[in-house]
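Read through the structure below, which is laid out as structure tokens, and then see the notes.
Taken together, the values in this text are just the output of simple stated rules run on the coordinates, not laboratory data. Every value quoted in this text rests on a predicted model; they were computed, and no experiment measured them. Here the Cβ positions follow ideal geometry from the backbone for every residue, glycine too, while neighbour counts run over all protein chains shown.
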């Protein structure tokens, strides 16, 4: 096994080592759940307190203008834009990822009004499919067709009946990464739109929405972006669609002139038309603090380190834990920044690792999912995690633990 | 004019005087914007910090279960239930008021599938109408008919073609209060459903959703409930509808077994089926702190004080400011806890009052809107506010101020 001292040497020359100081991590914990809930930033609690005490407490209702609350959905969206390759004015923050999927898929269907087919992924995070079911409640003519992970299967399924292709950039379970540029090219070649769910890729791997000509995208801010539990999601709409795009959650925050309080809805001219109601400003404060940390780092270095951490983990698991199957792609370019390990006692392993301070999560039916958030993890954390895994495999504690409790949330 | 000493005497024997200590209000400010953004609770910043540092920072992803995050939408909903007369298990907190209107109106339309007409109010807060427009994007057969404030006009418009009646309990501008029990009885007599928007009544006046047989309701938590800027809204669904009600924002948080991550959506058995995606837990912490203050007060005393404050304001305006028209109902039972004052220089008056530390807001075209949140306002605040209004009317500062800036948000 790679000596811990080798990992320490890698950490010592890591250009991102200082970024770890911007986070608060509990003592004795190797946190491999950052792909599910990102760690707390060191500046976040203070920033939120300032928003609460100064902007809300002192500024009161005048802070909608005075503290820029009204502009936050776009301002935070532009900060995220840098992380996902989107020029300003194409991203808003607000609502949940699920709600945003609903908005963009309606918008895509409207823009391709003569087409009825939506292609989606059979193995995607289920809420994508649940939202498509919701769309079909009022658009029953829509035909949702599901494809597997093989790019050839997707390629074979796109034709002139397809309105939109909805794919996840990185699969929540397997970590498989789609070539989104290829998906967009394929969709466009058949006159369809490309919609991308970035939940498990934003902040984990390179994303270039503009360059890849993605039409719409949604993403999560509470995973690698570290916005806090349940922090509002983001929504990308390419500039070329913003004049004509419409969506049914047409609340007053998306109105062209919300303060005139007219009876007729008129969508705002740009990306704001994807807003709906008032956003949670206290949650926004935590997200803004997290995004400020992102502004201080070199993205290429972050993504390279994420791949190096995963490479190290895969190498060590292969070497030390042969009874565990690495169920994620072995090529860095084909995966995200988390790893799926398969074992029939996956749930017991996750619990036993947690008892040793190594926090990962379990995914049905047999996956130990370990996230390697490059902003705050070190190479030694990977070594320690695999060492703990080896111990757990040797001790087989699931033989005596209660495995009936509910697993944690994604 | 009522002497300030009389108001001081009223404050001295106010059973709610102690509640003011649970809030942080800026020095020298008479805050009459609590109907727009409620004041900050004294315990809120600390509570939010604890959620951030302990639940997020230390507990990390395990807090979804360990800190009860998964249960918060219903737990907070039950706390709100006491304030609006709803037995437990019928309210969830999450998403915005606008999004929740979308959910409940779709649900109501599905439950009355053979009917096409929705009755709504011409003068309601416009987002209600915007969301109905959004619904019509995918249900173009729906016919939205608008009625004025007169109850007789509503009564004359309900017939067997009406699926649902959507009314605001208290009008956001005029403060006019509907008799919701009568609306529900009327709707039910014609086989229609009654849907109520409580944005300007929850925490301001008595609400008895169960007793009045309301079918669905939505409400705002950042006004009288003091949940913080943009804090998530609530949604009520009467128990009798929860088995059959469906809504199209069918995200994984509303699934019966979200952790099985199956491909098919199956709605949760109770009110949880109205949830969609992950809620903002940091914002929830602020709301929970505010709701804990509500648990300490006698609701009847709160609502009685609100009416007494409004009565005092109306009396003083009539007496001292005859050039201002009281545009709200004069009977306490017919209005909420805010007052609309009409004057052609309304916008200039609002700005000049703010410069004197009296914070209200402007509503198009000519309304000075003053909210009297009974939890933290005193009778002397009312006297001081009217004195400032008298000064402003005498000095006519709008003759020299720039009135072009954008007004504040509701």
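Here are the numbers:
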{"item": "Cα→Cβ-extended label distance, 7 Å offset, between residue B:264 and residue A:116, nm", "result": "2.3 nm"}
{"item": "Span per principal axis, largest first, for the Cα atoms of the stretch A:68-294 (Å)", "result": "48, 41, 29"}
{"item": "Angle in degrees between helix A:180-189 and the longest Cα principal axis of chain A, rounded to the nearest 10", "result": "40 degrees"}
{"item": "On Cα atoms only, tilt of A:379-395 relative to the major axis of chain A in degrees", "result": "60 degrees"}
{"item": "Beta bridges per DSSP with both ends in the protein assembly as shown, % antiparallel, nearest 5", "result": "55 percent"}
{"item": "Chain A: most fluctuating residue of A:337, A:63, A:328 per GNM, C-alpha cutoff 10 Å", "result": "A:63"}
{"item": "Average other protein chain Cβ within 10 Å of Cβ, residues A:188-197", "result": "0"}
{"item": "Within 10 Å of each Cβ in B:283-293, the average number of Cβ atoms from other chains", "result": "3"}
{"item": "Angle in degrees between helix B:299-320 and the longest Cα principal axis of chain B, rounded to the nearest 10", "result": "40 degrees"}
{"item": "Most fluctuating residue given options A:385, A:45, A:120, as computed from a GNM of chain A linking Cα atoms under 10 Å", "result": "A:45"}
{"item": "Contact order relative to length of chain A, as percent, for alpha carbon pairs under 8 angstrom and 6 or more apart", "result": "22 percent"}
{"item": "Spherically averaged projected area of the stretch B:113-188 from its Cα convex hull (nm²)", "result": "4.8 nm²"}
{"item": "Taking the convex hull of Cα positions in chain A, its mean projected area over all directions (nm²)", "result": "20.7 nm²"}
{"item": "Distance between modelled label sites at residue A:141 and residue B:331, nm, 7 Å Cα→Cβ extension", "result": "5.1 nm"}
{"item": "Residue-averaged [θ]222 nm for chain A, counting only DSSP H segments that reach four residues, each worth -39500 (n - 2.57)", "result": "-10500 deg cm²/dmol"}
{"item": "Full-stretch length increase - residue A:53, residue A:159 - with 0.36 nm per residue and alpha-carbon distance subtracted", "result": "32.6 nm"}
{"item": "Cα shape, the stretch B:49-120, gyration tensor, a/c 1.5 rule", "result": "prolate"}
{"item": "Copies compared at residue A:295 - label distances in nm, ascending, label defined 7 Å from Cα in the Cβ direction", "result": "3.9"}
{"item": "DSSP-defined beta bridges in chain A - what % are antiparallel, rounded to 5", "result": "55 percent"}
{"item": "Residue mean of other protein chain beta carbons inside 10 Å, A:26-34", "result": "2"}
{"item": "Two-site FRET efficiency, residue A:296 against residue A:150, from Cβ-Cβ distance with R₀ of 35 Å, rounded to 0.05", "result": "0.35"}
{"item": "GNM flexibility winner over chain B from B:52, B:349, B:180 (Cα, springs under 10 Å)", "result": "B:52"}
{"item": "Gap separating the Cα centres of the stretch B:143-170 and the stretch A:64-86, nearest whole Å", "result": "40 Å"}
{"item": "Considering only the stretch A:68-294, percent of DSSP beta bridges that pair antiparallel, nearest 5", "result": "35 percent"}
{"item": "Additional length obtainable on full extension of the chain from residue A:394 to residue A:6, 0.36 nm per residue less Cα span", "result": "137.2 nm"}
{"item": "Kirkwood-Stokes translational diffusion coefficient of the stretch B:281-410, alpha-carbon pairs, 25 °C, 0.890 mPa s, µm²/s", "result": "155 µm²/s"}
{"item": "Å³ per residue enclosed by the Cα convex hull of the protein assembly as shown", "result": "148 Å³"}
{"item": "Between the stretch A:194-212 and the stretch B:171-205, the alpha-carbon center distance in angstrom", "result": "45 Å"}
